[in-house]
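Structure record follows, encoded as structure tokens.
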Amino acid sequence: MNLTFKQMTQDDIDQVVQVEENSFNNPWSKQSFCEEAANPVAYYLLPLMAGEIIGYVGVWFILDEAHITNVAVLPEYRKQGIGEKMMREILRIAKNNGAVAMTLEVRPSNVSALALYNKLGFVSEGIRKQYYEDNGEDAIIMWLRNIDTFA
């Protein structure tokens, strides 16, 4: 697998929106991604295969914490370890940007994502009730409190 990574730019947004629309029932708008590309605290990492964007992970760097905004991989590329490689790379980037901890929210029904985050050392620290607008599902709040122990 010849997987490479790059940081998202405005030129990548149409492809990122395609990933988003193929991954979620309630996708973010193109305008949301345009705003994220201009957001000084946001960093979006894109995995590429043969030059094509096949996923993304977004993170906000706030003080010494990194907050994952969203993670997606095109359906045809799932279950190939791309999500894990993407997460390991964003953890490396977060550490290099001074983050000491990382957090995210995940659906309890997203068993594969939960397994990945647990594998990477994230632990559940709470619940956000009715967090997801599409179906009112709760979100599990997960933290990796010490990025140094990861790397």
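The values are calculated or read from the model by the stated rules, or taken from the named source; none is laboratory data. From a predicted model like this one, the values you see are computed outputs, not experimental measurements. Virtual Cβ from ideal backbone geometry, glycine too; neighbours counted across all protein chains shown.
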### Task
State which residue is farthest from ALA94 (Cα to Cα) when the search covers only the stretch 13-42 and only residues that are of a type in the set (D, E, K, R) and under 16 Å from the mean Cα position of the chain (by Cα).
GLU21
### Task
For GLU89, state whether it is within 13 Å of the chain's Cα centre (by Cα), at pLDDT 95 or above and not β-branched (Val, Ile, Thr).
yes
### Query
Tally time: how many residues in the stretch 16-42 are exposed (fewer than 13 other Cβ atoms within 10 Å of the Cβ), charged (D, E, K, R) and touching an Asp or Glu at 6+ places or on another chain (Cβ under 9 Å)?
0
### Task
State all residues of the stretch 78-132 that are farther than 21 Å from TRP28 by Cβ, touching a Ser or Thr at 6+ places or on another chain (Cβ under 9 Å) and hydrophobic (A, V, I, L, M, F, W, C); if no residue qualifies, say none.
LEU114, PHE122
### Task
Any chance you could count how many residues in the stretch 100-151 are of a type in the set (D, E, K, R) and surrounded by 11 or more Cβ atoms within 10 Å (Cβ to Cβ)?
7
### Query
Can you name the residue in the stretch 43-73 that is crowded, with 19+ Cβ neighbours inside 10 Å and among the small types (Gly, Ala, Ser) and is also nearest to the chain's Cα centre (by Cα) among such residues?
GLY58
### Query
Under 9 Å by Cβ, and 6 or more places apart or on different chains, what pairs join a residue from the stretch 118-134 that is under 24 Å from GLU84 (Cβ atoms) with one that is of a type in the set (D, E, K, R) and in a helix (DSSP H, G or I)?
LYS119/GLU84; LEU120/GLU84; LEU120/ARG88
### Message
Take the residues in the stretch 112-151 that are of a type in the set (S, T, N, Q) and closer than 14 Å to ALA99 by Cβ; name whichever of them is nearest to the chain's Cα centre (by Cα).
### Response
ASN146
### Query
In the stretch 132-151, how many residues are modelled with pLDDT of 90 or more and in contact with a Phe, Trp or Tyr (Cβ under 8 Å, 6 or more places away or on another chain)?
5
